[in-house]
Amino acid sequence: MPNKIRILAIFLDFLVIIALTFMFYLLLPVQTERIVNLPKGSLNKIITYLGENGQSLNPLDTYIIRMLGVPQSGYIDMKHEILPRGAYLKALVSSKAATKEVTLIPGETMYFFIRSLAQRFPLSVESLESAYDKYFPYPDGVIFPDTYKLPVGVDEDEMMKTLYDMSIKRHQQSAIELLGEYNEAEWFKYVSMASIVQKEAADNQEMPIVAAVIFNRIKIGMPLQMDGSLNYGPYSHSKVTPERIRNDDTPYNTYRNKGVPPYPAGSVSIQAIKSVLHPADVDYLYFVRDRASGKHKFSKTYGEHRSNF
């Protein structure tokens, strides 16, 4: 009998040690993003996604999550960036965040997109602009045109960091798919050129032809002289006047500066980027909009160009 009591006592001590160890484990701090975007799919897919983004979860974590429930896909607000592991695992399952949609159309500038964000959520324009400058490497053209579901309740810094993380990932994926590698400086040279194509072309079919005109003008040292580059920032919807051309001293003025501006002039679709990477095989130097069709008439010589007006 005493042996049985001793065995029972040892067993109970063992259970206490396990319980204390488990409690200690659940109290270990976990560093996380405040806003986490969980993919759709199975728990295994979510666990894999978290692991690929710096949150490796072991089999015990997976078991605990299964016991707590099923994580909901989409944006969730973890409330804090450092959580005890137990609270972190529970937050993955229970945290939810309402989202609102906001759309960035191809060719639109950050000046207007930021104001749409501020009105939609609502947030401060000035704080959004400051957060944009903090995270984004270029004043425009980094956020892909798309409809974004973004979390309600985050501040301006978190909003812009979320958009930055999504955007840079898309640029990296697109560059690797189209070029085989991602070199930020080289890639955004193409994006800058594509931003002019985006604003000048009447449709996707015209984009490779407009891109060819840009390359042809650069090849002979001719200024691009394209109004689309001057539709940057607050001038996205403004008609380019002779006065603007004379007085605008920014790098976007392709009438006064040769070559492509160092920064994109607005948001850029993947079609515009592809047109720059694969321009049409034509020797056009000029184009003018046909008022009847809304498309452009392209020409090789200035004389032909004048006759197209």
Going through the stretch 185-221 in order, the residues found to be assigned to a helix (DSSP H, G or I) and either among the charged types (D, E, K, R) or free of Cβ contacts under 8 Å to residues at least 40 places away in the same chain (or both) are Ala185, Glu186, Trp187, Lys189, Lys199, Glu200, Arg217, Lys219
Residues in the stretch 24-37 that are among the hydrophobic types (A, V, I, L, M, F, W, C) and at pLDDT below 85: how many?
-> 2
Tell me which of these Leu117 doesn't satisfy, since it passes every other one: (1) farther than 21 Å from Ser267 by Cβ; (2) in contact (Cβ under 8 Å) with a residue 24 or more places away in the chain.
-> (1)
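Name the single residue that is farthest from the chain's Cα centre (by Cα) among those in the stretch 134-156 being β-branched (Val, Ile, Thr) and surrounded by 18 or more Cβ atoms within 10 Å (Cβ to Cβ).
Top of the filtered list is Val154.
Can you find even one residue in the stretch 153-174 that is over 16 Å from Thr109 (Cα atoms), of a type in the set (S, T, N, Q) and without any contact (Cβ under 8 Å) to a residue 24 or more places away in the chain? Talk me through it step by step, then tell me what you get.
Residues of the stretch 153-174 that are over 16 Å from Thr109 (Cα atoms), as a first pass: 153-159, 161-162, 165-166, 168-174.
Keeping just the survivors that are of a type in the set (S, T, N, Q) gives 162, 172-174.
Now drop any that are not without any contact (Cβ under 8 Å) to a residue 24 or more places away in the chain, which leaves 172-173.
So far as the stretch 153-174 goes, yes, one or more of its residues are over 16 Å from Thr109 (Cα atoms), of a type in the set (S, T, N, Q) and without any contact (Cβ under 8 Å) to a residue 24 or more places away in the chain.
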Scope the stretch 259-309; condition part of a helix (DSSP H, G or I) and closer than 18 Å to Glu206 by Cα; matching residues | Ile270, Gln271, Ala272, Ile273, Lys274, Ser275, Val276, Leu277, His305
Test Lys239 against the criterion of being over 23 Å from the mean Cα position of the chain (by Cα), in the same structural domain as Lys300 (by TED's automatic domain parsing), closer than 22 Å to Asp290 by Cα and surrounded by fewer than 20 Cβ atoms within 10 Å (Cβ to Cβ), and give yes or no.
-> yes
Of the residues in the stretch 35-78, how many are crowded, with 18+ Cβ neighbours inside 10 Å, under 25 Å from the mean Cα position of the chain (by Cα) and assigned to a loop (DSSP other than H, G, I, E, B)?
-> 2
Taking the options Glu81, Glu101, name whichever one is touching a Phe, Trp or Tyr at 6+ places or on another chain (Cβ under 8 Å), in contact (Cβ under 8 Å) with a residue 40 or more places away in the chain and exposed (fewer than 14 other Cβ atoms within 10 Å of the Cβ).
-> Glu101
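The values are calculated or read from the model by the stated rules, or taken from the named source; none is laboratory data. In this text, all values refer to a predicted model and were calculated from it rather than measured experimentally. When we count neighbours, we look across all protein chains shown, and the Cβ atoms used for this are built from the backbone with ideal geometry, even at glycine.
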